[in-house]
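One structure is given here, and the rest of the page talks about it.
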Amino acid sequence: MSAAAGERLSRRIKGGRKYFFQDPATDALLASLLKLMAEHWVARERLMSLETLILQKGLASREEIDDFEPDAAQAAAWAAANAELIRKVLAPFEEMGEEASQ
């Protein structure tokens with residue numbers, strides 16, 4: 001194994017970032033939208049799977065699922081997960097700001 005193989009690869013593209021649109025903000029918006037769509041679909045697919053399993057096994061009724069409210073600890077954990085999702089979705093704008101400051 002060469003010395004270079006063990007080194008961490010740079011996340012920067014040599015020669016600068018390649019843009020698809022004239023305005024880099026449009027690229028950042030598109031990247032955010034695509035990340036959000038991917039995250040949304042994963043969550044939706046898991047939710048549909050879990051609801052199907054719960055209903056098939058008779059573990060809860062549709063009404064119980066619809067009326068569920070998290071306790072304080074769950075609500076705090078969900079708020080943290082929501083903040084992480086927002087961070088991921090808005091990351092392209094942060095990267096754009098970092099590039100502009102260089």
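The values are calculated or read from the model by the stated rules, or taken from the named source; none is laboratory data. The model shown is predicted, which means the values in this text are computed figures rather than measured ones. Note that each Cβ is placed from the backbone with ideal geometry, even for glycine, and that neighbours are counted across all protein chains shown.
A count restricted to segment 51-102 and to residues that are modelled with pLDDT of 90 or more and either exposed (fewer than 10 other Cβ atoms within 10 Å of the Cβ) or part of a helix (DSSP H, G or I) (or both) stands at 30.
Selection of first residues in segment 31-53 that are closer than 19 Å to residue 96 by Cβ and of second residues that are of a type in the set (A, V, I, L, M) and surrounded by 11 or more Cβ atoms within 10 Å (Cβ to Cβ), restricted to Cβ pairs under 7 Å at least 6 apart or on distinct chains, gives the following pairs, ordered by first then second residue: 32/89; 32/90; 35/89; 36/89.
Applying the criterion of being touching a residue at least 12 places away in the same chain (Cβ under 8 Å) and under 22 Å from the mean Cα position of the chain (by Cα) to the residues of segment 61-95, the residue that is nearest to residue 42 (Cα to Cα) is 85.
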